[in-house]
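Heads up, the thing below is written out as structure tokens.
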Amino acid sequence: MKPRLLVLSLGGTITMLPSDAGGITPTLGAAELVSSVPALAEVAEIEAASPFRVASPSLTLDNLVDVAARIEAAFATGIDGAVVIQGTDTIEESAFLLDLLVAGDKPVVVTGAMRGADAPGADGPANLLAAARVAVAPASRGLGTLVVLNYDIHAARFVQKSHTVLPSAFLSPLMGPLGTVIEGRPRYYARITRQPCLAATAGPPRPVALLRAAMGDDTRLMAAVADLGYAGAVIEGMGAGHVHADAAPVLGAMARRIPVVLASRVMTGPVFTETYGYAGAEIDLIGRGLVPAGYLSGLKARLLLGLLLRDSPDRGVIADAFSCYG
Ligand code: ASP
């Protein structure tokens, strides 16, 4: 018997065709995408649905919580794996949210395309087929949410969009992809252990501000954040987690009012915790109450903090959650 696969389409370039108004826009749904790849019929019994049909910058965190709930409900009825089709602009965020929200061993695979559905060399069909093959493979179980494009298989916590155009845009700069789809099946070269999941039923993440430290910034935005109604904030510091000396007390004041997580604006690598002793460096900022994000990017740290803040966690609970990604 063939495995049962849920395919959910949220939109994105993979669904886009030229519109009368000019440019390409989301058009195709999951059923059309599936029927355009006949080889999928040999991979799985597919249940296709199109809960959204938008460009991925317009996806909301509520949309993704809804997707997580749909996947968990499908898994409860015996579906063996799920493929989520969406725009590539926000895949690194969606995949990490689904990784945090969908519990259990069954694979969830997010895919998309860098070229429109009618473009010469469109990469959507190959990506969809590869994603389906990964999602039904026993070897993919227990790895959480994966991202498959260009035959690479990435872990949600590491993957980043790194180019605006190329089909090879997705990288996991910290450690590389977990595996590759070769001769129609996934080959894994590394495995990761899952980190604790958070309930999809507890609602969407709370609003978390994401700020990037920049040379010469006068801190007026940082100083305003705590009064804007955010439940927390993530600061992407310079290097291993550093800001101008004058910004340190501003961030300390923020951390006395709302939880503040310290990530890095650098493409990859963990923030430090015990190396630099100057004002505005990581030891100073952590001493002022900021929580180090480990190796999570600012984008991913914002999602984890937002989900944690659905409860009223103390600093220790937040620090423990982030220490899994140290
Ligand atoms: N702007 C598109 C989107 O994210 C890009 C893509 O799908 O590749 O929806």
Summing Lys, Arg as +1 and Asp, Glu as -1, what charge do residues with Cβ under 14 Å from the Cβ of residue 50 carry, residue 50 excluded?
-1
Under a plain spin-label model, where a point goes 7 Å from the Cα along Cα-to-Cβ, how far apart in nm are residue 105 and residue 139?
1.7
Assuming R0 = 30 Å, can you tell me the calculated FRET efficiency for the pair residue 310 and residue 212, based on Cβ-Cβ distance, to the nearest 0.05?
0.75
By Cβ neighbour count within 10 Å, fewest first, 325, 278 rank 278, 325
What's the extension gain from residue 185 to residue 202 if we count 0.36 nm per residue and subtract their Cα-Cα distance?
2.5 nm
Residues with amide H under 5 Å from that of residue 54, placed H, sequence gap 5 or more:
11, 12
How much of the DSSP bridge set in the chain is antiparallel, in percent, rounded to the nearest 5?
35
So what's the chain giving for Cα Rg divided by 2.2 N^0.38 Å, two decimals?
1.02
As an exercise, identify the chymotrypsin sites (Phe, Trp or Tyr not before Pro) in the stretch 142-202 lying in DSSP coil whose Cβ has no more than 15 other Cβ atoms within 10 Å.
189
Quick one: order 83, 250 by neighbouring beta-carbon count within 10 Å, fewest to most.
250, 83
Sorted by Cβ density within 10 Å, fewest first, the residues 149, 174, 98, 28:
174, 28, 98, 149
Whole-Hz ³J(HN,Hα) for each residue in the stretch 135-148, computed from phi via Karplus 6.51 cos²θ - 1.76 cosθ + 1.60 with θ = phi - 60°, x for glycine and proline: what do you get?
5, 9, 7, x, 5, 8, 5, x, 9, x, 7, 10, 10, 10
Orientation-averaged projected area, Cα convex hull of the stretch 212-290 (nm²)
4.7
Once both axes come from the Cα atoms, what is the angle between helix 298-308 and the longest principal axis of the chain, in degrees from 0 to 90, rounded to 10?
90
With r defined as the distance between the Cβ atoms of residue 283 and residue 53 and R0 fixed at 45 Å, what FRET efficiency is calculated, to the nearest 0.05?
0.40
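FYI, it's all coordinate maths here, none of it is from the lab. No experiment lies behind these values; they were computed from the predicted model shown. Cβ sites come from the backbone with ideal geometry, for glycine too, and all protein chains shown count toward neighbours.
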